[in-house]
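The values are calculated or read from the model by the stated rules, or taken from the named source; none is laboratory data. Predicted, not measured: the structure shown is a model, and the values here were computed from it. Because the Cβ atoms are built from the backbone with ideal geometry, glycine has one as well, and the counts that use them run over all protein chains shown.
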Amino acid sequence: MNVEPHYQNIDLKFADTEIPSGKTGWRSPSNIALVKYWGKKPVQIPQNPSISFTLSNSYSETEVSYSPASSGKPEMEFYFDGQRNPAFEEKTAKFFQSLSAIFPFVNQLRFVIRSKNTFPHSAGIASSASGMSVLAMVLCDMERQFFGTLQNDEDFRRKASYMARLGSGSASRSVYGGVVIWGETKNEPGTSDFYGFPVNDRIHEIFSDYQDTILLVDAGEKKVSSRVGHGLMNSNPYAGERFKQAHENLSELLQAMRDGDTTTFIRITESEALTLHAMMMTSQPYFLLMKPNTLQIIQRIFAFREKTGLPVSFTLDAGPNVHMLYPAAIKVEVKQFIEDELVSFLSPLGFIDDEVGKGPEKIL
Ligand code: 2P0
């Protein structure tokens with residue numbers, strides 16, 4: 001078992017007369033899992049390792065103003081898309097409070113947080129991954145600025161990923177660009193249950209600019225909340241086998257990604273997507289999150305691949321929208337395929353063109 005980093009630090013606290021005011025801001029992307037995280041143990045430890053593409057165009061952008069607080073705990077106003085958002089405010093305040101042994105300085109500050117996403121809320125793109133990773137970047141950035149620690153980028157990212165994980169498991173992967181593993185993986189040194197680990201130096205270049213066109217099937221889509229979803233795995237009769245299979249799939253997928261083997265990539269990622277949904281269908285209570293048009297699109301992708309031999313495939317999140325994955329070199333052919341065969345199955349929101357991205361960026 002990997003050793004958990006020890007981040008509790010009572011010294012990360014301002015002298016009473018030196019509590020600062022200022023502003024910082026980051027942008028952080030969402031990510032799409034190829035081997036899925038579905039099932040966890042306390043505290044935010046995954047039942048199996050997962051691997052994802054960090055996205056480029058689907059991100060959260062968050063500005064945080066801070067000033068001295070008087071109450072001895074984090075004070076907060078949270079605006080989402082310009083509107084005060086009590087639900088996000090409560091969630092973020094709770095998250096910050098839970099971090100007070102790691103970042104004691106949060107108890108001394110009043111935060112005004114303004115956040116927005118580049119993707120529509122109802123698109124079912126993991127907003128917790130971008131939203132929680134962006135907050136982790138902000139807090140680590142404040143630590144670096146005010147306490148002189150985390151000067152080394154590797155230390156900075158690792159702590160940010162650890163913090164992001166505590167906010168939302170999948171967010172641990174968004175702290176890095178490219179291809180990222182979260183969860184200890186056999187024969188992959190550096191991987192850990194406590195933080196994400198980028199494996200770009202172990203990946204064939206065909207995957208470095210892989211495309212993800214997100215086909216929005218249902219605008220009013222309701223996802224299973226992650227709290228409910230992960231909880232279902234505690235009593236799913238197939239859970240044990242599933243966790244074992246995910247370990248095996250990750251090792252095999254990583255080998256295929258090293259080799260640039262798109263055939264194996266397609267077989268494993270599509271099977272992972274269907275298995276995620278199979279887990280929801282075999283839970284109590286059960287959930288059917290695909291829509292008729294999800295299946296229409298998947299069938300069209302199978303037929304297009306059969307007809308053209310082009311390496312186009314799909315994956316799914318915990319919802320009805322289809323992430324269509326393909327190498328950048330066949331963008332033109334895939335665009336035509338979407339126009340000719342898929343647009344009639346899409347909601348008015350259409351689709352989002354995305355691709356593998358570089359990870360979070362400081363904006364302020
Ligand atoms: C994933 N998902 O690997 C999987 C696949 C959705 C389907 O991680 O409870 O929001 O915050 O740790 O990360 C969604 O769950 O869960 C998720 P929490 P999270 O991307």
* Hey, Trp38 near the ligand (Cβ under 9 Å from one of its atoms), touching a helix residue (DSSP H, G or I) at 6+ places or on another chain (Cβ under 8 Å) and within 30 Å of Asn57 (Cβ to Cβ) or not -> yes
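For every residue, the table says whether it meets (1) touching a residue at least 24 places away in the same chain (Cβ under 8 Å); (2) in a loop (DSSP other than H, G, I, E, B); (3) closer than 29 Å to Glu184 by Cα; (4) not small (Gly, Ala, Ser).
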site: Leu250; (1), (2), (3), (4): yes, no, yes, yes
site: Leu254; (1), (2), (3), (4): yes, no, yes, yes
site: Thr264; (1), (2), (3), (4): no, no, yes, yes
site: Arg267; (1), (2), (3), (4): no, no, yes, yes
site: Thr275; (1), (2), (3), (4): yes, no, yes, yes
site: Met280; (1), (2), (3), (4): yes, no, yes, yes
site: Arg300; (1), (2), (3), (4): yes, no, no, yes
site: Ala303; (1), (2), (3), (4): no, no, no, no
* In segment 158-185, the residues that are assigned to a loop (DSSP other than H, G, I, E, B) and either more than 10 Å from the ligand (Cβ to nearest atom) or closer than 27 Å to Gly260 by Cα (or both) -> Ser170, Val175, Tyr176, Gly177, Gly178, Gly183, Glu184, Thr185
* Structure fact -> Just one listed residue, out of Phe119, Phe95, is under 30 Å from Arg242 (Cβ atoms), more than 11 Å from the ligand (Cβ to nearest atom) and not in a strand (DSSP E or B), and it is Phe119
* Going by the structure shown, is Gly124 closer than 28 Å to Glu4 by Cβ, within 16 Å of the ligand (Cβ to nearest atom) and touching a residue at least 12 places away in the same chain (Cβ under 8 Å)? -> no
* To do: Inspect all residues belonging to segment 49-61 and state whether any of them is assigned to a loop (DSSP other than H, G, I, E, B), under 30 Å from Met233 (Cβ atoms) and within 14 Å of the ligand (Cβ to nearest atom).
  => yes
* Residues (over 18 Å from Ile113 (Cα atoms), of a type in the set (A, V, I, L, M, F, W, C) and either modelled with pLDDT under 95 or in contact with a Phe, Trp or Tyr (Cβ under 9 Å, 6 or more places away or on another chain) (or both)) located in segment 128-159 -> Phe146, Phe147, Leu150
* Hits in segment 123-157 (condition: of a type in the set (S, T, N, Q), touching a helix residue (DSSP H, G or I) at 6+ places or on another chain (Cβ under 8 Å) and outside any loop (DSSP other than H, G, I, E, B)) -> Ser127, Ser128, Ser130, Ser133
